[in-house]
1. Counting only residues that are closer than 30 Å to N239 by Cβ and in contact (Cβ under 8 Å) with a residue 12 or more places away in the chain, how many does the stretch 67-101 have?
2. Looking at L223, L176, L180 in this structure, which one is under 16 Å from R248 (Cβ atoms) and aliphatic (A, V, I, L, M)?
3. Condition check: basic (K, R), assigned to a loop (DSSP other than H, G, I, E, B) and over 20 Å from G18 (Cβ atoms). Does R222 satisfy that?
4. Can you tell me how many residues in the stretch 127-173 are β-branched (V, I, T) and surrounded by fewer than 24 Cβ atoms within 10 Å (Cβ to Cβ)?
5. Return yes or no: is D136 charged (D, E, K, R) and touching a helix residue (DSSP H, G or I) at 6+ places or on another chain (Cβ under 9 Å)?
6. Among the numbered criteria (1) touching a strand residue (DSSP E or B) at 6+ places or on another chain (Cβ under 7 Å); (2) closer than 26 Å to G193 by Cβ, which one does A127 miss?
7. Checking T92 against (1) more than 16 Å from the chain's Cα centre (by Cα); (2) outside any loop (DSSP other than H, G, I, E, B), only one condition comes out false. Which one?
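The values are calculated or read from the model by the stated rules, or taken from the named source; none is laboratory data. A quick note: this is a predicted structure, and the numbers were derived from the prediction, not measured. Neighbour counts are summed over all protein chains in view; Cβ atoms, including those assigned to glycine, are modelled from backbone coordinates with ideal geometry.
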Amino acid sequence: MELKGTSAIVTGGASGLGEATAKLLANRGVTVVIADLNVEAGESLAKEINGLFAKTDVTKTEEVTAAVEAARNAAPLWSVVNCAGIGLAQRTIGRDGEYTSAHDLATYRRVIEINLIGTFDMCRLAATVMSQNTPDEDGCRGAIVNTASVAAEDGQIGQVAYSSSKGGVVGLTLPLARDLSASGIRANCILPGLIDTPIYGHGEAADEFKARLGAGVLFPHRLGRSEEFASLAIELLTNSYMNAETIRIDAGIRMQPK
């Protein structure tokens, strides 16, 4: 699938995995819409890559729609990479046997709303626009890459909400691809492992912590790089024979209970 001269949406595109993906897409001649809540970082990146910024809370359909419209108005929308998400740790029950100490239900709903429902909302709206594209020689009209996590399969203690949301993203991959096949739109999913993003912080203490984490990775013994995720995302967009697949990018790690 050819990317040059098209538009793309990257949710969570102002930092981390999304930022690296947005930059790589721009290098391929794509007009990228950075859909993110961070206005300062998003606008700065959009300016750097000659893209667009759309302030987007993925739990608000009207803001998701606005991001899709921004992309469609810029150039034919052929690509979406969903990177927006949050991770909150909390055990299912407390130690005191009280109902009030059990996992906060509002927190659980919030994680599901952002990571799973927000992802699907962008998929359904962007695919609606993609379905109107003139198909290429394979009959393709666009492609979607969603981001889950190895926690979908190796969820750790305290990751009930996060793993539920990411497991949902994995679970929707095949039926989404089947639904969209009639319109020539592909859908794939990436499950990142331990990737070096701003979530780990900066400075000497952060570097030491990341080094300890990296030592537990099978090989190579380090955290992944955002650019490595981005490279895989671009491959899934451009390789027209990649469809309905979930792929781990984790250097062989299998997460332990804690």
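1. Count: 19.
2. L223
3. On the way: basic (K, R): yes; assigned to a loop (DSSP other than H, G, I, E, B): yes; over 20 Å from G18 (Cβ atoms): yes.
Judged against the criteria, R222 is a match.
4. Residues flagged as β-branched (V, I, T) and surrounded by fewer than 24 Cβ atoms within 10 Å (Cβ to Cβ) within the stretch 127-173 amount to 8.
5. no
6. It fails just one condition, (2).
7. (2) is the only condition that T92 fails.
Results for (1) buried (at least 18 other Cβ atoms within 10 Å of the Cβ); (2) of a type in the set (G, A, S); (3) modelled with pLDDT under 95; (4) more than 16 Å from the chain's Cα centre (by Cα), shown as yes or no for each residue.
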site: E19; (1), (2), (3), (4): yes, no, no, no
site: N73; (1), (2), (3), (4): no, no, no, yes
site: C83; (1), (2), (3), (4): yes, no, no, no
site: G87; (1), (2), (3), (4): no, yes, yes, no
